[in-house]
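*Asks:* Sharing a structure with you now.
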Amino acid sequence: MNHVCIFFMLCVSFMILAKKGVAYPGSDDTYLDPTQAQHTTPLKTYQPWYTGPLLTSSAHNAAVGHYNIAPTLFIKDVFAEFDGNYYSTNLPNSIVTIQPILCFQMGWLSWLDFSLTTQCLYKKQSKEESFHWGDSSVGLGIQINREQGNQPAIRLTITESLPTGKYEKLNPTKHGIDATGSGSYSTNIALNISKLFFLSSSHPLSCRASFNYAIPASAHVKEFNAYGGGRGTNGWVKVGNILAINTAVELSLSQRWVLAADIIYAYQNRSTFSGNPGRTLTDQKASVGTPSKDSLETALSVEYNQSEHLGFLAGIWFPIVGRNSAHFVAYALAINWSW
């Protein structure tokens, strides 16, 4: 619960700073919907529409009194694991995950919006399967700068992850596939930047970057859990902090059709355990905790925008290389609807 307090203290602090006169350049400009980027360059052909990209967050808040809903379906196949030397070893049986995610965004003030994300996960490995809710999150977006002229859009987000997923007292016969959460409250601070470039009047290019740092709270675990464990396990896991850097581009082929690509680097410190580790099914001392890990991943997508308010996306996401992380391929379908 300490991290919930930290989350709200950060939010209140930024609100106070804003009310004391922090400047938000471009706040008097007419706001365009999140599916578009603001600009002052005259267009010879069309106003570009965007839905994605798949993984890199937007630098634009939802407009005051407006809403955005973005359901996404991931189908993920984990067929191997990267070891500590970046070598991939195939799993005896791949883990297939079907993961619907729903994100809701609402504009509150000219510089502030609110978001809520929830998800559930169905997992199957060989004959074992599970279905549970995943972790949820609530967040605030603070518009530091609106895109105008040569200035990019800049948005700061403060998000609190809530441990609504299953993470402890797992079924040992399922070998961990029934774990769908971290068991930890986590405060994530992100700085998102985006800019629209008109290198060609018929093919505008939208570029994004997102710098994220997550500070998880310790998780209390019992029995078999997402970090290992066994019979009699009872203690605390100090979950490692996470650093992630996302970049993305969207190239307009036309007003409706867009190609998008993300590149993501993520690093997480090791997670350590204190308490009674318990015993495995073979009566050995159980291991609890995870080593540090990192990965470099990419996602490629195609967007179809029905209008400036409604768009569809189909994409594929996979790691280029990783260490102590999953080797997977994920397929995604998404809808972005604003009103």
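The values are calculated or read from the model by the stated rules, or taken from the named source; none is laboratory data. Every value quoted in this text rests on a predicted model; they were computed, and no experiment measured them. Cβ coordinates were reconstructed from backbone atoms using ideal geometry, including for glycine residues, and neighbour counts include every protein chain displayed.
*Asks:* Tell me, which residue of region 169-187 that is of a type in the set (Ser, Thr, Tyr) and in a loop (DSSP other than H, G, I, E, B) is nearest to residue 129 (Cα to Cα)?
*Replies:* Residues of region 169-187 that are of a type in the set (Ser, Thr, Tyr), as a first pass: 173, 180, 182, 184-187.
Going one step further and asking which of them are in a loop (DSSP other than H, G, I, E, B), we end up with 180, 182, 184-185.
Numbers: 180: 12, 182: 19, 184: 24, 185: 26 Å.
This residue is 180.
*Asks:* Would you confirm whether or not region 276-284 contains a residue that is part of a strand (DSSP E or B) and in contact with a Pro (Cβ under 8 Å, 6 or more places away or on another chain)? Give the derivation first.
*Replies:* Taking region 276-284 first, the residues part of a strand (DSSP E or B) are 276, 279.
Now restrict to residues that are in contact with a Pro (Cβ under 8 Å, 6 or more places away or on another chain): none.
Within region 276-284 (the criterion being part of a strand (DSSP E or B) and in contact with a Pro (Cβ under 8 Å, 6 or more places away or on another chain)), the answer is no, since none of the residues qualifies.
*Asks:* In region 308-331, which residues are aromatic (Phe, Trp, Tyr) and either within 30 Å of residue 63 (Cβ to Cβ) or not in a strand (DSSP E or B) (or both)? Steps first, answer last, please.
*Replies:* Looking only at region 308-331, we keep the residues that are aromatic (Phe, Trp, Tyr), and these are 312, 317-318, 328, 331.
Listed by number, the residues that qualify are 312, 317.
*Asks:* What number of residues within region 205-216 satisfy the criterion of being surrounded by 19 or more Cβ atoms within 10 Å (Cβ to Cβ) and either closer than 18 Å to residue 55 by Cβ or at pLDDT below 95 (or both)?
*Replies:* The total comes to 5.
*Asks:* Please indicate, with yes or no, whether at least one residue in region 292-300 is among the aliphatic types (A, V, I, L, M), within 24 Å of residue 193 (Cβ to Cβ) and surrounded by fewer than 20 Cβ atoms within 10 Å (Cβ to Cβ).
*Replies:* yes
*Asks:* Sticking with this one: Restricting attention to region 279-318, report how many residues are on the phi > 0 side of the Ramachandran plot and either at pLDDT below 95 or under 19 Å from the mean Cα position of the chain (by Cα) (or both).
*Replies:* The number of residues fulfilling the criteria is 1.
*Asks:* I've got another one for you. Find the residue count for region 141-176, including only residues that are at pLDDT 95 or above and either hydroxyl-bearing (Ser, Thr, Tyr) or under 24 Å from residue 117 (Cα atoms) (or both).
*Replies:* 20
*Asks:* Follow-up question, since we're still on this one. Could you go through region 163-184 and let me know if any residue there is touching a helix residue (DSSP H, G or I) at 6+ places or on another chain (Cβ under 6 Å), within 27 Å of residue 70 (Cβ to Cβ) and of a type outside the set (S, T, N, Q).
*Replies:* Looking through region 163-184, none of the residues is touching a helix residue (DSSP H, G or I) at 6+ places or on another chain (Cβ under 6 Å), within 27 Å of residue 70 (Cβ to Cβ) and of a type outside the set (S, T, N, Q).
*Asks:* Do we have residue 124 as buried (at least 19 other Cβ atoms within 10 Å of the Cβ) and either assigned to a strand (DSSP E or B) or touching a helix residue (DSSP H, G or I) at 6+ places or on another chain (Cβ under 7 Å) (or both) here?
*Replies:* no
*Asks:* Could I ask something else about it? Listed residues 87, 122; which is in contact with a Ser or Thr (Cβ under 8 Å, 6 or more places away or on another chain) and of a type outside the set (Val, Ile, Thr)? Break it down stepwise before answering.
*Replies:* On the way: 87 fails: in contact with a Ser or Thr (Cβ under 8 Å, 6 or more places away or on another chain).
Result: 122 is the single residue among 87, 122 that is in contact with a Ser or Thr (Cβ under 8 Å, 6 or more places away or on another chain) and of a type outside the set (Val, Ile, Thr).
*Asks:* Considering every residue within region 272-284, establish whether at least one is buried (at least 18 other Cβ atoms within 10 Å of the Cβ) and of a type in the set (Ser, Thr, Tyr).
*Replies:* no
*Asks:* Which of the residues spanning region 84-116 are out of contact with any Leu (no Cβ under 7 Å at 6 or more places or on another chain), among the polar types (S, T, N, Q) and in contact (Cβ under 8 Å) with a residue 12 or more places away in the chain?
*Replies:* Answer for region 84-116, where residues must be out of contact with any Leu (no Cβ under 7 Å at 6 or more places or on another chain), among the polar types (S, T, N, Q) and in contact (Cβ under 8 Å) with a residue 12 or more places away in the chain: 85, 88, 93, 94, 105, 110, 115.
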